[in-house]
Structure formats: C-alpha cells, structure tokens
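Notes follow once the structure below has been shown.
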Amino acid sequence: MWTFIKYDVKQRMRDRATIFWMLIFPLILIFGLGTMLSAVFSDEFKLPVTDVAYVESSTDQYREPLESFLTDEDIQAFIRLVPYDSLEEAETGVNDGDADVILQLDGSDLTLLYEEPATIEFDVLEAILTQYTAIANQQISLAESGVAAPYENENWLDSESVDLSGKTPSSLEYFTVTISIMTALFGSFYITAMAREEQPNTGSYLRIQAAPVQTIQYRLARTVSRYVIILLQLILLFWFSHFVYRTFDLSNVQFGTLFLSWLAITAYGVTVGFVIVSLPKLSYTTKDAVVNGFVAIIMILSGGYVPGFDQVTLHYAPWAEYVFMPIFMRDGMLAILLRDGDTTVFWQSLGLLGIHLIILGTISYLLAKGAKRHGAH
Amino acid sequence: MPIIELDHITKRFGDTVALNDLSLRVEPGELFGLLGPNGAGKTTAISVMLNLYPADSGTIRIFDQSMPKDELAIKRRVGIVPQHVSVYDQLTVYENIQFFAELYGFSPTEAKQKTEAAIAFVELTAHQKKRPPELSGGLLRRLNIACGIVHEPELIFMDEPTVAIDPQSRNTILENIRELNRRGATIIYTSHYMEEVEMLCDRVAIVDEGKIIAEGTQDELKDRVMTLETARIKVDALTPNLLERIESLEHVQKVEYEEPFIEVSLDKDTPLAPLLDTLHQEHVHFTSITVDRPSLNTVFLALTGKTLRE
C-alpha cells in the first residue's frame, strides 16, 4: 500500500495540470485578491459611516450616559445618529434608506435592530454596544449597592475590548478560508480521475489488475495519496496567506481543530467525488462535467469567486447554509482561526459535515452496489 | 504437468462471444504462439487466464493452481507485457520499473537490483532517467517489456509486443524474448504477424472467432493443410512444347511460365528428379531452384478462408 501512495503522490506532484489547478490557481486567486484588497488593509482605511436611527423612550438615568457615549469622537467616526420619535418612524426611515440600523433605548433595554444578513459594520456596532451595556450594567450594579462609580465616560470605551482585530475576519481571511474549503472540494476531481484510470484492461491499470494486489488496497492507497496532496495544498494556502499577507494571528489559531477541519472538509470533497463516480449510466466525460459544474456552482454560491456572494445566496435561501457545507464550515473554521472565536459554531459545523458525509457515503455505496448488480446481469 | 490448462472457457460481452469453448494446454518452458487476426480473442484469452475478466464458464488452472481461487499466488509468478504500452508518464523509466518490482513484493533494495537487471536486459541504461513521453516507439516497447519481466516471472504473457515499431527494435525485442525463454520462462506470445510466430514459437494455436481451430508444432500445422509444393526454377529459355511435356509429367498439377521463372505445382513430397531430367534432356539451362513450403498464413487461409491481416 505504501508503494502505491509513494508513487501516486510522486506522479501527482509532477503533473503540470495538477500543479497549476491545485496549487498555483488558488495562490493566484489569493494573491490577486490580496493585491486588490490591499487598500482595505492600509492604515488610512476607516469603517464606512453607518446611519443609526435612534429611538429613545427612557429616563435620563439611562439616556444621558448612552447619548454621551454615542457622541464620543471615536464613535462618531463611524456612526451618524438620526433621531426618530417612534419605532415605526424609524422603520420607515430604514425602509426609505435614510438609516441602516435602528438603535432603540426602551427603559433600561438597549437593542440594535437590523435585517439579516448583517454586514461587518453592523457586527462592529453590535460588539461596541454589547461592550457598552456590560460596563453600564456594572456601573448600575455598583451604584445600587452604594459604591461610587469608578468609571468616567471616557473610560467606557475599553480600547482592548473594542479592538476587533483578531476577532472579526478581514476580507482576505474570509477569502482564504473560502478558497481553502473549495480546494478541499477539488478532491472530487481526483476521485473521478482515479475512477477514469480504472477501466478494466486499459492503460497502466491493466498491470495493476495483473499484479498480486487487492483492488481495495489499491483504491484505498490512491484515495489516501490524493488526501495527502489536498492537505499539502491547504497547508500551502494558509502558509502563503499568513506569511505574504499577515492574515491570521498565529497565536489565536487553534491548530488541532484547524487540522481536524481540514481532514473533515477533505473527506467531504472526496466523498462527493465518490458519489458522482457512482452515478449510473453516465460516461466519464459526463461525470467530469458534473463534478466541474458542482464545484463551480458551490464556489459561486458560497462566495468562492466573488466575496460576499454567499450573503446573496443566504438572503434568498437561508437553508443553503445547511445544504452547501462550505458556507457553514467556513464560519466554523473562522471561529477557530480568530481570537475569541465561538468554537460551538465549529463543532456544530463539524457535526453537520459528519451527517453530510454519512448521507453522501450511503448514497455512494448504494449506487455502487446497484451498478455492480446491474453489471452482473 | 502443463503450466496452463484451460478447459471449455466461454466468455461473452453482451451478444458477442469472445471465447467459445476454448481449451488449451501449454507445457513448462514452451514458447507458445497464439496466432489469429485482430479480434480473434487472443487478448481476451490472456485476460481471462489472469482473471482480468472472469470467464463465464469453464475451468482455468495455472501452475496446477485454480484461477480465480488462487489468484494472488498465481499472479505473483506471472508477468504480462500488454499490447498497448502501459506505463506511467510522470515516472522515469527507472521509477516505472522499480514501481512494478515493488508491486510484486520486493523490498526497495531488492527492487533496485531487479530494476537495474531489467534495464540492462532491455538495453535502456542510457535512457533510465527519461520519462516515457521522451522515448521513441521502440524504446517504449522495451520499457513495456521491462515492467512485465522485472520480477522474473516463470510465465510471461506477451500480447503483440512488437506492434508499430521499427525493424531494428523488433529484432532486439524478439532476441529478448528468445533469451527469456532460454532462461527458463514459459512464454505465451500472441501476434497477428505470422513471421514472428514462425521465427519464435515451438508450438502454435490458431485462434479465430474465439475458438482454437488448430494447434500443434509448425510442421504439424503445415502438414495438415499442405497438398502441393511449388518448385520455382530460373531457366534461360522455354518452348511451348516443353511446357506441355512438363505439364504431362506425373504428379504435376499446374505449370506457369513468366520469363525467366517457371513455377511448377507438384503433389506433396514428389521427387524433383523427373522434372529436372526433362529440362536437362531439352538442353535448358537452369541456375536456381526453390521449393516453397506453405507459411502459417497459408495454413490460416486454408483453415478459415481468410488471411491473418483481414
């Protein structure tokens, strides 16, 4: 088995087409996009100003500190408050395009209302307000217990807590993860190529058939070799992305879970390949076309070629998150690459991927079994 | 005990009967020829013997072991040189051969020794670092052979190993095959080039439409179909009267004269003396005499009514 793996990896690594499509092309995508997005990473970059429809029905006790916070110079740099008298009017304002989100202070409750899918600006705003309410609640508790408030207004903005670098993915980080998942999906190409080479009495496979080796051993070894190549590609992609563009702070990355996610998503790509190979009554040319089409569609829908297109997909088909694994898995992977990422999302996505693998594996097995029975006649 | 015993093998592909009740015996050490036109079933016969396609019916015993029951044990002792060059384009000549050596269970060190021996045997030492696309047709064929014999098999199937190559490479390959046989390997050689089979093989089976229609040594096969011999004599001059006299000789079936040759068809094993005496009496000078015996092609034509390359 080791002989098969050794020589198969050697062959794949010498194949120019493989090298281009599997290694060079993803790097070109990352490189091209990195250059394109370099402006985004420049020091001059500022978040776009968000128009916030502000509706207040509270007491001075809550209103004054909040408004003082919101009019702080740092906050004003990226939000513009537009006061409204009622929630209905604010909603009309949002619908008319006069505001992007609604911030409602009702009594002691502070709520940020916006339509899904959220943009990164809304995420930033929500994170800041969460920070604000946490500090405000702490102050209220201290006041109620008769302890003097230790914070002045200017201290409400905890520079470390609201430092979102390492917590929120940059476009390049987002894109790197998407491309890496798509790269793993390319595993399906390897499987169809492998099946094409296994035509009885044809080419080098004839010698394999004539040799004293079990077919299952041969297939397993070749699948493992392709798996190894995909893992190498993923390592190269992340290495390139990190060392060329300084994406992902390595001190934040959970390498064990990252490796696990690579193994899982590669298994997904390989299993997709097996399903397509098992489809009955189709020529290998057609199967190649199906794989091409499948990967291209998933890449487009999940924002692999056009960053952000996944938001369009999710807007029209929210269920797509659970059907197109790459979208869901991406969120899981980002969670383990960024500081304070929610690993729950990662484990959920891994669980869902496991379900996908079981379903796809079962379909593949049943199709292959059916084809064998059909062939026996 | 035969090294190969096939009994009543049948193999169908859909409605096509590729092998039709085929039975065959090959003895150890033989260089055995399977002769037949394209599509006769030669390659299918090899494939079935190696269980690349399972037979629909019949029994196969190789090395006195049963196929497919003892498949792996049999395959360990068998080598194949396929009709089409079957190697990996991304591996060098050396790596290709070493890969197949390792496939037959040799350790990397043993495989290296076997590889070097195989490369030297097919005279590819100067090309061992090249990849197959860099090799000429003849060199590719030699690589194809090296990959099939690197594990020193006792039984080698060679399926038209000289197709589409230059005469020089063909001669080298034919000499390689003879040498393998001299070293003790039993060789099953398929071809539709009857000249090669005539040159190489001790015994021959003629295959047509999935059946063995004749089997034996070359002389045995020729004797089965030979009723006439043709004497071709170069003469200086010939008169119509003399032609008539020759035609009237006993055992002469047909006479044709196309200056300067006279071709006389005689019954098999007829002495030439009466014919030569007649020429001598008429003062006809003759300078060369050849007697044509039938070729395997003639045998095939006589048995099937078609030529080998139809």
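The values are calculated or read from the model by the stated rules, or taken from the named source; none is laboratory data. Computed from a prediction, not measured in an experiment: that's the story for all the values here. Ideal geometry is used to build each Cβ from the backbone, glycine not excepted, and the neighbour counts take in all protein chains shown. Side chains are part of the model used for accessible areas, which takes the heavy atoms of the whole protein and leaves out ligands, DNA and RNA. Shrake-Rupley method; radii C 1.70, N 1.55, O 1.52, S 1.80 Å.
Counting only residues that are facing another protein chain (nearest Cβ under 8 Å) and surrounded by 20 or more Cβ atoms within 10 Å (Cβ to Cβ), which one in the stretch B:80-89 is nearest to B:ILE188 (Cα to Cα)? Applying the filter and picking the extreme gives B:ILE80. With respect to the conditions (1) more than 25 Å from B:ILE46 (Cα to Cα); (2) buried (at least 19 other Cβ atoms within 10 Å of the Cβ); (3) within 13 Å of chain A (Cβ to nearest Cβ), B:SER107 falls short on a single one, namely (2). When the helices (runs of 4 or more DSSP H) confined to the stretch B:74-190 are screened for residues that are more than 17 Å from the chain's Cα centre (by Cα), those reaching at least 2 such residues are found at B:93-103, B:108-121, B:137-149.
If you go through the stretch A:246-261 and keep only what is surrounded by fewer than 21 Cβ atoms within 10 Å (Cβ to Cβ) and out of contact with any strand residue (DSSP E or B) (no Cβ under 9 Å at 6 or more places or on another chain), you end up with A:ARG246, A:LEU250, A:SER251, A:ASN252, A:VAL253, A:GLN254, A:PHE255, A:GLY256, A:THR257, A:LEU258, A:PHE259, A:LEU260.
In the stretch A:66-123, the qualifying residues are those that are more than 32 Å from the chain's Cα centre (by Cα) and among the β-branched types (Val, Ile, Thr), and the one that is nearest to A:TYR54 (Cα to Cα) is A:VAL82.
In the set A:PRO326, A:PRO318, only one residue is modelled with pLDDT under 85 and outside any helix (DSSP H, G or I); that residue is A:PRO318. Any residue at all in the stretch B:232-249 that's surrounded by 15 or more Cβ atoms within 10 Å (Cβ to Cβ) and of a type in the set (Asp, Glu)? No; the residues of the stretch B:232-249 include none that is surrounded by 15 or more Cβ atoms within 10 Å (Cβ to Cβ) and of a type in the set (Asp, Glu).
Going through B:GLN168, B:GLN128 one at a time, which residue ends up being surrounded by fewer than 17 Cβ atoms within 10 Å (Cβ to Cβ) and without any contact (Cβ under 8 Å) to a residue 40 or more places away in the chain?
Residue meeting the stated conditions: B:GLN168.
Between a residue in the stretch B:270-286 that is in contact (Cβ under 8 Å) with a residue 40 or more places away in the chain and any residue that is of a type in the set (D, E, K, R) and open to solvent by 70 Å² or more (accessible area, probe 1.4 Å), which pairs come within a Cβ distance under 7 Å, given they are 6 or more apart or on different chains? If the second residue must be of a type in the set (D, E, K, R) and open to solvent by 70 Å² or more (accessible area, probe 1.4 Å), the pairs left are B:VAL284/B:ASP236; B:HIS285/B:ASP236; B:PHE286/B:LYS234.
Considering only the stretch A:67-90, state which residues are under 24 Å from A:TYR132 (Cα atoms), open to solvent by 80 Å² or more (accessible area, probe 1.4 Å) and either out of contact with any Asp or Glu (no Cβ under 8 Å at 6 or more places or on another chain) or in contact (Cβ under 8 Å) with a residue 40 or more places away in the chain (or both).
A:THR71, A:GLU73, A:ASP74, A:ASP85, listed by residue number.
Just one of the listed residues (B:MET199, B:MET226, B:MET194) is out of contact with any strand residue (DSSP E or B) (no Cβ under 9 Å at 6 or more places or on another chain), open to solvent by less than 50 Å² (accessible area, probe 1.4 Å) and hydrophobic (A, V, I, L, M, F, W, C), namely B:MET226. The residue of the stretch B:30-68 that is nearest to the other protein chains (Cβ to nearest Cβ), among those that are open to solvent by 40 Å² or more (accessible area, probe 1.4 Å), part of a loop (DSSP other than H, G, I, E, B) and at pLDDT 90 or above, is B:ASP56. Of the helices (runs of 4 or more DSSP H) entirely within the stretch A:1-44, those holding at least 1 residues that are hydroxyl-bearing (Ser, Thr, Tyr) and at pLDDT 80 or above occupy A:2-14. Would you pick out the residues in the stretch B:1-22 that are in contact with a strand residue (DSSP E or B) (Cβ under 8 Å, 6 or more places away or on another chain) and exposed (fewer than 15 other Cβ atoms within 10 Å of the Cβ)? Across the stretch B:1-22, the qualifying residues are B:ASP7, B:HIS8, B:ARG12, B:ASP21. Which ones in the stretch A:190-245 are closer than 22 Å to B:LEU52 by Cβ, crowded, with 17+ Cβ neighbours inside 10 Å and hydrophobic (A, V, I, L, M, F, W, C)? Of everything in the stretch A:190-245, those that are closer than 22 Å to B:LEU52 by Cβ, crowded, with 17+ Cβ neighbours inside 10 Å and hydrophobic (A, V, I, L, M, F, W, C) turn out to be A:ALA193, A:MET194, A:ALA195, A:LEU206, A:ILE208, A:ALA210, A:ALA211, A:VAL213, A:ALA221.
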